1. Could you list all residues from region 243-262 that are assigned to a helix (DSSP H, G or I) and charged (D, E, K, R)?
2. Can you pull out the residues in region 925-943 that are in a loop (DSSP other than H, G, I, E, B) and either modelled with pLDDT of 95 or more or touching a Leu at 6+ places or on another chain (Cβ under 9 Å) (or both)?
3. Can you list the helices (runs of 4 or more DSSP H) found entirely within region 112-188 that contain at least 1 residues being among the hydroxyl-bearing types (Ser, Thr, Tyr) and open to solvent by less than 10 Å² (accessible area, probe 1.4 Å)?
4. Out of region 91-108, which residues are touching a helix residue (DSSP H, G or I) at 6+ places or on another chain (Cβ under 7 Å) and either surrounded by fewer than 18 Cβ atoms within 10 Å (Cβ to Cβ) or more than 30 Å from PRO430 (Cβ to Cβ) (or both)?
5. Select from region 635-660 the residues that are closer than 24 Å to GLY865 by Cβ and either more than 16 Å from the ligand (Cβ to nearest atom) or of a type in the set (D, E, K, R) (or both) and list them in ascending order.
6. Going through ASN558, ASN620 one at a time, which residue ends up being within 16 Å of the ligand (Cβ to nearest atom) and either over 19 Å from the mean Cα position of the chain (by Cα) or not in a loop (DSSP other than H, G, I, E, B) (or both)?
7. Which of the residues spanning region 577-617 are within 23 Å of the chain's Cα centre (by Cα) and more than 11 Å from the ligand (Cβ to nearest atom)?
8. Sort out which residues of region 821-841 are within 30 Å of GLY45 (Cα to Cα) and either of a type in the set (Lys, Arg) or open to solvent by 10 Å² or more (accessible area, probe 1.4 Å) (or both), and write them in order of number.
Amino acid sequence: MLRRFLSVRAAAPALLVRYTSTDVFLNRHIGPTRKETAEMLKTVGKESLAELMTSALPSDILRTPLNTFKSLSETETLSFLKSVGGQNKVLKNMIGQGYYECIVPPVILRNVLENPMWYTPYTPYQAEISQGRLESLLNFQTMVADITKMDISNASLLDEATAAAECMYLSLNHHRHKRMKFFVAQDVFAASIEMIRTRALPQGVEVLVGDVANADLADPQLSGVFVQTSCANGGLHDYTDFFARAKASGVVCCAAVDLLASCIVKPAGEMGADVVVGSAQRFGTPLGYGGPHAAFMAMTEDFKRLSPGRIVGISKDSAGDPAIRMALQTREQHIKRERATSNICTAQALLANMNAFFGIYHGPEGLKQLANEIHCKAKLFAVGMESLGFTPLNNTYFDTVSFAFEGGAFTAEDYAQRCIEKGINVFVNPKTKHVSVSFDEATTEDHISTLLQAAGMTTPNIEALTRVADTIVVVPESLQRTSKFMQGNVFNSHKSELELMRYIQRLQRKDYGLTHGMIPLGSCTMKLNPAAAMRALSWPEFNALHPYAPDDQARGYNAMILDLKQKLCDITGMAACSIQPNSGAQGEYCGLRVIRAYHESRGEGHRNVCLIPMSAHGTNPASAVLAGLKVVTVKCLDNGSVDLADMEAKCKKHEKELACLMITYPSTYGLYDRDIRKITSMVHEHGGQCYIDGANLNALVGYTGPGFIGGDVCHMNLHKTFSIPHGGGGPGVGPITVRQHLAPFLPNSVYGASVGGSQPFGQVSQAAYGSASITTISYALITMLGSRGLKTCTEYAVLNANYLKKRLEEHYTICFLGHSDFCAHEFILDVRPFKRTAHIEAEDVAKRLMDYGFHAPTLAFPVVGTLMIEPTESESKRELDRLADALISIRREIAAVERGDQPKDNNVLTNAPHTAKCVTGDEWNRPYSRQLAAYPTHHQYREKFWPSVGRIDSTYGDRNLMCSCLPLEFYN
Ligand SMILES: *Cc1c(COP(=O)(O)O)cnc(C)c1O
């Protein structure tokens, strides 16, 4: 048995016994063994981990110790989580309002959601080793565009209400901020209205909520309209005429739709919508107490360049074969900064992939059948209720029927309570007191009988009711869908489980995940996603709760989230927490809104300048703009630290209107800026607040934290530091923590759990707890690590990075750091000089690493022409050495070009990556061997990972934008 250990600091014998236990999670989480730790410390020239930390960290930012809590083993953690989950009550949920029960096909649950090949990869920036999920995301886009009858769809947004808010912003941008009103139909989901309102406020947009009949479409100030075709109480609308009139005045027409309804009801595209949004949740993703779920935005050609989030498109590779990659906005935020169209970085890729496979499994005919069955169940119930004298409020519907219960024998609340007693949740609108019942794939005859019994029917005769239901029509003929959709091969050829399993496997084989080797992406913290921590996700106790279920059914969630929040507050050195934001970027936006609300509460609402250092992540300026702030960039010095003189000058210059500083710590250059306390004090002195981007928290936990360096608010990326897998581009959780004076302004939620401060600025996610179900992952991780283990992770994150730096610094220049300097958890390799000496660019090195069996480090961010490496604490010495060896070998390959032994425009680097097709081709006329191309070191003989396509031509793809999968038939 491998005996591992965790602390090199001579631990007390009692501790040693504990740490050698085979069931201690930390021993499995940390890569280096005890012996390797000693070797690595020697390499970096330190005696102990503690000494390394003291050398790396400035002494004036060290924190008081974390509140002590002991670690539990994996087994203990699982039974603890079971008991927490046991406090949640799982009822049959027919609440609807954007969340519906569905059946996750086991073949998708096991092969996608529970499969590390799908959940461990990063966003597909390195497209040549991501063709599997890119093809799947293309399927998602095609499916959504087909069902909604739009030209193009993006590859997921965070949730439906966020997508609704993006519609407002898109309309505003379309009219270049010249039209400042936006109309929203009053029967749209309440969370969508709230999110639109919240997002509109800092933009100065006036949101008009009302009856579409009274909308003033000729108002020259009106930028767009937002309606919902199957509205909150279930009624169906045909907006064809309304859209035609709106368009006549140049108004952008946006519609929220139900994807399943659209399979049998006239799709919004056929009504003339410009932009269509919605959630794909009921296509096979669990309720999860609110998330994560994939939302979408589909649009006509005219609007594609304003689309937020990601669009996947087809281009071609170096051999001229079709190849898929993210189109238009690859890293666009880093280039456009405050001019970016959106702040979305992490989206919902994993969920979108599940939805796409659900669509493929059922195919167009299966989806229509599902929709029809759901529709029949709703009719059956409505007929039963009519026979009891309760007439539905909506005479058209797909799956949702509403009742008033006015003047009857019992009230709406009585009815809902009776249903709960019989095990079913229905929705009671808190304003109108109307009851809505939504039917779904998982609703049975028994459920319908129960609902009718709760209304007073003693023995429902389902057969008789069905006969009546069959005779009524509640989708008028003009609203029935006649057009075909999803006719492509991929949606019609994987009907058997065996076929679908093989298709899923065929795609995953093309993708590089943590399953293959390290993903040393700087700033992304691609650490272990522990299997034990993933378990609770698949338990109904956590994934079958509706976000609007009564509070007393979510006691387990409430207790867990409360404890998680307290731990995150302690870790960051803050006082209050919101876990609502469902990505890091949404956390940024949320934190900045909190700061604005604070200034406003003090009569200083005019403070609108946000200082952001040059080195910031691209989402920072984009989020600042969404929060209505004016971005002022602060310079960095050649050594990477913030230019204090420039900082001071900008503070002075903007003293009157300074809202805040937004800074990442340690900086995205991998440096603990020694002047951080000076910087934050300077901002406070000039009346500003300090926002700390905590995405790099992996270098801080247990040693310092945003609250110990002068921060007032920070966000964390639970999908980085706290082990939620990245899912190939989402989901994520981006909670914020704040100091006490900002706590009153934390976001609330129209429905669901009561959250937020006393003066909330609004809402940032559709559900009160955002992507609630995946917080179980971070909670499990923290529970398994304990307070001491959290700190150990930081020590190893810093050791691993410094060890790699040491191994590489003889061969490459490390940006900003000399030989005797220590980096934090990441560092930047400078490859810019090779452009001059050998015509070799950072991209060539990144692609060549694929031939060696690696995912490239972060490319071109934060410094153009460089590679940023972050190994995390989870990587073993063997893997670190493998990466170092590969990079050193690549340096020799560059030297061969520098010497002129290899031509500058035709060498192993410029031609990388090499596919199997390329090296086994009959023709070979390159100035290097096939062996060198594909098997540069002996390691590849044992474990070769083949890129499935050659270098992709992105420019070609952007010029010939193709974002649906018909031309790809050849793959299927
Ligand atoms: C990853 C990251 C973000 C954005 O987080 P998302 O969850 O992708 O939105 C912001 N800032 C920094 C420094 C990051 O590394």
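The values are calculated or read from the model by the stated rules, or taken from the named source; none is laboratory data. The structure displayed is predicted, hence computed values, not measured ones. When we count neighbours, we look across all protein chains shown, and the Cβ atoms used for this are built from the backbone with ideal geometry, even at glycine. Note: accessible area is taken over every heavy atom of the protein model, side chains too, but ligands, DNA and RNA are not part of it. Shrake-Rupley method; radii C 1.70, N 1.55, O 1.52, S 1.80 Å.
1. If we filter region 243-262 for residues that are assigned to a helix (DSSP H, G or I), which is where we start, we get 243-248, 261-262.
ARG245, LYS247, listed by residue number.
2. Kept after step one, since they are in a loop (DSSP other than H, G, I, E, B), are these residues of region 925-943: 925-929, 935-938, 943.
If the condition is that a residue be in a loop (DSSP other than H, G, I, E, B) and either modelled with pLDDT of 95 or more or touching a Leu at 6+ places or on another chain (Cβ under 9 Å) (or both), then ARG926, PRO927, TYR928, SER929, TYR935, PRO936 are the ones that fit.
3. Details: elements: 116-119, 131-148, 160-174.
Hits in region 112-188: 131-148, 160-174.
4. Answer for region 91-108, where residues must be touching a helix residue (DSSP H, G or I) at 6+ places or on another chain (Cβ under 7 Å) and either surrounded by fewer than 18 Cβ atoms within 10 Å (Cβ to Cβ) or more than 30 Å from PRO430 (Cβ to Cβ) (or both): PRO105, VAL107, ILE108.
5. At the first step, the residues of region 635-660 found to be closer than 24 Å to GLY865 by Cβ are 635-643, 646.
Listed by number, the residues that qualify are LYS635, LEU637, ASP638, ASN639, SER641, ASP643, ASP646.
6. Numbers: ASN558 fails: within 16 Å of the ligand (Cβ to nearest atom).
Of ASN558, ASN620, the one residue that is within 16 Å of the ligand (Cβ to nearest atom) and either over 19 Å from the mean Cα position of the chain (by Cα) or not in a loop (DSSP other than H, G, I, E, B) (or both) is ASN620.
7. From region 577-617, those within 23 Å of the chain's Cα centre (by Cα) are 577-594, 615-617; that's our starting set.
Correct list: CYS577, SER578, ILE579, GLN580, CYS590, GLY591, LEU592, ARG593, VAL594.
8. Narrowing region 821-841 to residues within 30 Å of GLY45 (Cα to Cα): 821-834.
Selection gives ASP821, PHE822, ASP830, ARG832, PRO833, PHE834.
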